[in-house]
Amino acid sequence: MSRALYWLWAVFWLLMIAVAVQDKISDPYIKWWEPYLWEGSSCIVATLWLVLQQRAAGGWDRYLTQPLKWFGLHLAWLPVLALTFITSVYAARHGIYALAGRSYHHPSWPFVFMYETVKLTLFMGLWLAIIFGLKSFTLWKQERERLLQMQKHLAESQLAQLKAQLQPHFLFNALNTISALMQSDVARADRLLTRLADLLRASLTVGSRHQTSLRDEWKLLELYASIMQERFAGRVTLTWHASDEALNASIPAMLLQPLLENAYKHGVEKSSQPVAIRVEAERAGDELYVRIHNSGAWPGVQGSGIGLRNCRERLALVYGERAKLEVVPVSDGVTASVTLPYEQS
Amino acid sequence: MVRVLIVDDEAPARDKLRRWVGAQGDFEVAGEAADGLAAAAAIESLKPDVVFLDIQMPGLSGLEVAAQLESDAAPLLVFVTAFDEHAIRAFDLNAVDYLLKPYDRDRLEKSLQRLRERRGAAQLGSAVRAARAQTRSSERLLVPRGEQLELIEASAIHWLEADDNYVHVHTAGAKYLVRRTLADLLEQLGERFVRIHKSTAVNLAEVASLAPLFKGDHEVRLRGGAVLRLSRRFKDELFARMPR
């Protein structure tokens, strides 16, 4: 943007010089170099001021949305600009004329100050308008870019949210377990199928319902765990602990299921040893703590998956800075812990 | 009778396969395994004709087990998986048999029928190769240690020595005897190793020095102290691949 500005500036001054030269070219009393000196001296001092504005006035860009303030801040400098401009330009001209053995004739000083100040005000207004226009355009472009990025990100996370609810891997495996049980124990297969349907229904209604009680979410976790119990009989021991007060809390629907799913995916499915999973919830003052712990080795990658990112984004959307989700290795396994503001459901 | 090994970490899934495969007149279930290492050990000890191999398992995955088999002497493999887009694409490309969970009796029958047709036909080893392409099989080698099997890092291997149908795998502190051919082992382990003799291959990173002998043969000294012979047949390849 400043490159475009400097080009424009250069063109402007070339025109100014060309006009002045053209104007005096046939005047026998004016030497050829004089118009160059007049315009050149003005050009150099004005350019210094432009560079100063570009370097130093960046801080005022935050007022681009309040044009009056932005222009006001710049125009406040007009007296300083006028005084330094006129004195330095005229000093330079006098000096160079003296060096050339001539004297520089101009109207009386009060007139010069009046005339030059009016001219400066006009030019300054013009150039501030141009700078303002260029900067506003850049700002608008940046804003639009950011908006597009935000929209894209939002769409992606919504998509991810839908996908992350129940993993296809889980669904197909559960279906296979049912298909296997059907051959030997029809009643058990039937029970498992009903639970799977309940879980599927719950995950599908999440879209319409944002908050739920921890009590309902807890039932969902137990449902999920009971399905996994059929698949991994003997390889998992589960313990549940939640106070009544905690169960009455309001939380985002289907927030915890992906965390339990992770414990199975990284804890149980990757280990031939029996794994202990502990699900706990408690209230401490204004906060609700939920912890899902699984024994076994820290796989190193746990904590970065799409399910967790999703949970974090949902927490951030609902609670901002007041909620957090951490997945950390502990001495006997891995703990996912959620902290969020306690609200009665 | 076609002898079948069933590998799955979930008991209900094994039960279903055992019931249905056992009901076939010409198939019998020779054994079951619940994880990757047990599967590899069972393949070694039971020598089944066919293995139904679940992919998602603790420890070694089904693909990792398959990658460690001798490609031309492996049993017929049928991979079983619930959801594994990537692997399935590779299976389709390489005409590798697989079963998607859940499956019904018809699909299993089809799979068994294909196995009947494949038996006796020249085995291409494509299942093993497809599995190798999808796992880091050139990084790790499954070796027997006493009664157990264990994985060692390929980088820890100093050199390989063929001995009939076996290969001695030499590392810094141990020597393992693997029932594989040298050619197949080299195919699995890839670029890290280079053959220096009909029956010897070395880990390139372990070569300490070379000294000429007569008739174009060379003496190869390894960092670990072993002194081996480089036959002139393999000289050019070793020289081309030695780091300068």
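Observations on the model:
- For the stretch B:152-244, the strands (runs of 3 or more DSSP E) that sit wholly inside it and include 1 or more residues that are touching a Gly at 6+ places or on another chain (Cβ under 6 Å) are B:157-163.
- Tally, over the stretch B:21-30, of residues that are surrounded by 18 or more Cβ atoms within 10 Å (Cβ to Cβ) and either within 14 Å of chain A (Cβ to nearest Cβ) or without any contact (Cβ under 8 Å) to a residue 12 or more places away in the chain (or both): 1
- The stretch B:92-110, subset crowded, with 18+ Cβ neighbours inside 10 Å and more than 14 Å from chain A (Cβ to nearest Cβ), residue farthest from the chain's Cα centre (by Cα): B:D97
- Residue among A:R215, A:R209, A:R195 that is outside any strand (DSSP E or B) and at pLDDT below 85: A:R209
- Lone qualifier among A:P274, A:P329 - being modelled with pLDDT under 90 and within 14 Å of chain B (Cβ to nearest Cβ): A:P274
- The stretch A:223-262 - residue that is of a type in the set (D, E, K, R) and touching a residue at least 24 places away in the same chain (Cβ under 8 Å) and, of those, farthest from the other protein chains (Cβ to nearest Cβ): A:E245
- Test: B:A39 is within 14 Å of chain A (Cβ to nearest Cβ), closer than 28 Å to A:K265 by Cβ and under 16 Å from the mean Cα position of the chain (by Cα): yes
Every residue, every condition in (1) out of contact with any Cys (no Cβ under 9 Å at 6 or more places or on another chain); (2) on the phi > 0 side of the Ramachandran plot; (3) not in a helix (DSSP H, G or I); (4) not assigned by TED's automatic domain parsing to the domain that holds A:L204, yes or no:
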residue	(1), (2), (3), (4)
A:H241	yes, no, yes, no
A:I251	yes, no, yes, no
A:L255	no, no, yes, no
A:E261	yes, no, no, no
A:A281	yes, no, yes, no
A:R291	yes, no, yes, no
A:L315	yes, no, no, no
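- Spans of helices (runs of 4 or more DSSP H) in the stretch B:26-144 with at least 3 residues more than 27 Å from B:A11 (Cα to Cα): B:85-93, B:126-134
- Annotation: B:S126 fulfils all but one of (1) among the small types (G, A, S); (2) farther than 24 Å from B:L17 by Cβ; (3) within 18 Å of the chain's Cα centre (by Cα); the unmet one is (2).
- The one condition from (1) touching a residue at least 60 places away in the same chain (Cβ under 8 Å); (2) of a type outside the set (F, W, Y); (3) out of contact with any Ser or Thr (no Cβ under 7 Å at 6 or more places or on another chain) that A:L64 does not meet is (3).
- Of everything listed in (1) free of Cβ contacts under 8 Å to residues at least 24 places away in the same chain; (2) within 16 Å of A:K135 (Cβ to Cβ); (3) of a type outside the set (S, T, N, Q), the single unmet condition for A:A20 is (2).
- Every pair of residues 6+ apart whose Cβ atoms lie under 8 Å, when the first sits in the stretch B:86-114 and is over 21 Å from B:R129 (Cβ atoms) and touching a residue at least 24 places away in the same chain (Cβ under 8 Å) while the second is part of a loop (DSSP other than H, G, I, E, B) and hydrophobic (A, V, I, L, M, F, W, C): B:K101/B:A82
- So A:S136, is it modelled with pLDDT of 85 or more, under 45 Å from the mean Cα position of the chain (by Cα), of a type in the set (G, A, S) and outside the structural domain of A:R309 (by TED's automatic domain parsing): yes
The values are calculated or read from the model by the stated rules, or taken from the named source; none is laboratory data. Computed from a predicted structure; not experimentally measured. Glycine gets a Cβ as well: all are built from the backbone with ideal geometry, and neighbour counts include every protein chain shown.
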